[in-house]
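Data block below; observations after.
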Amino acid sequence: TATGFFDHYDPPRLFFSCCPSGLLTGLDRENDAILVDRRGQQDLDTILDNYTEEDILMHFTWRSEFMIEGPWRKIYEEREQRPVGRILMIQDLKGLSRKHFTKKMLDLFGRIVKLSQSMYPENVKKIIIIRAPAIFRICWNVCKHLFRPKVQKKMIICGSNYQQILEKYVDPKHLPSCFHPEGQGTLMKPFMFKGLDEE
């Protein structure tokens, strides 16, 4: 069970500093939770120097279980007086570079995608990809086949107009200031991962 998983696994703190991510306090326009991943800021070299691929997959599993059964859900449900729905994910790719696309990285990414789609297929309702550098377009053509068509349909890959697209789904005041000039978004305390307040 998820409870047993939390009892027996304590995620290394290094993952939090090297893989900045977090749940925003504010909600999207359908009153669902917003998860932000700053994939372009991930320091995967440090992670791979200190942990095995199995360790990384274990951490990914912990994070996925946290999204399903973590203490943030109780806070949300008490505040909103309704069960948690599916989650809006914002993937920030600013800072993405060739170092994120080595063969080792791509192989690991493939394993994570496979695990996600087999064990946690319906957690996320939409994935908005923002601030993607030019290299992403090339690498997307290589990685696209890893995602099931149903998952691909959830994805919105934004260009320079990403702020306007975000506004369609999220009130700007709920966004981090690095995503929108009107942003005042903050992180939920139980999911306080570093990195969202940096440009």
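Give me the one-decimal nm value for the distance between modelled label points at LEU115 and ASN50, 7 Å along each residue's Cα-to-Cβ direction.
About 1.8 nm separates the two model spin labels.
State whether the stretch 111-190 is rounded, prolate or oblate according to the following rule on the C-alpha gyration tensor (a ≥ b ≥ c being the square roots of its eigenvalues): a/c under 1.5 gives rounded; otherwise a/b larger than b/c gives prolate, and the remaining case gives oblate.
Since a/c reaches 1.5 but b/c is at least a/b, the shape of the stretch 111-190 is classed as oblate.
Please list, in chain and number order, the residues 5+ apart from LYS125 or on another chain whose amide H is under 5 Å from its amide H, with Hs placed from the backbone.
HN-HN under 5 Å from LYS125: ILE87, LEU88, MET89.
Equivalent-ellipsoid semi-axes (√(5λ), Cα gyration tensor) for the stretch 89-140, whole Å, largest first?
For the stretch 89-140, the semi-axes come out at 21, 16, 7 Å.
Hey, which of these cross-link pairs are over 24 Å Cα-Cα: LYS104/LYS126; LYS94/LYS153; LYS103/LYS125; LYS94/LYS154?
Listed pairs above 24 Å: LYS104/LYS126; LYS103/LYS125.
When all C-alpha to C-alpha distances in the chain are sorted into bins of 5 Å, what percent of pairs does each bin hold, rounded to whole numbers?
Whole-percent P(r) values from 0 Å outward: 1, 7, 15, 20, 22, 19, 11, 4, 1, 0.
What aspartates and glutamates sit close enough to LYS150 to cross-link, taking a C-alpha to C-alpha distance under 18 Å and skipping anything fewer than 8 places away on the same chain?
Here the aspartates and glutamates satisfying the reach criterion relative to LYS150 are GLU122.
7 Å from Cα along Cα→Cβ at both LYS125 and LYS150: what's the point-to-point distance in nm?
1.7 nm
Laboratory data are not the source of any read-out in this text; all were calculated from the coordinates shown. These numbers were taken from a predicted model, which means no experiment stands behind them. FYI the Cβ positions are ideal-geometry reconstructions off the backbone, even for glycines, and counts take in every protein chain you see.
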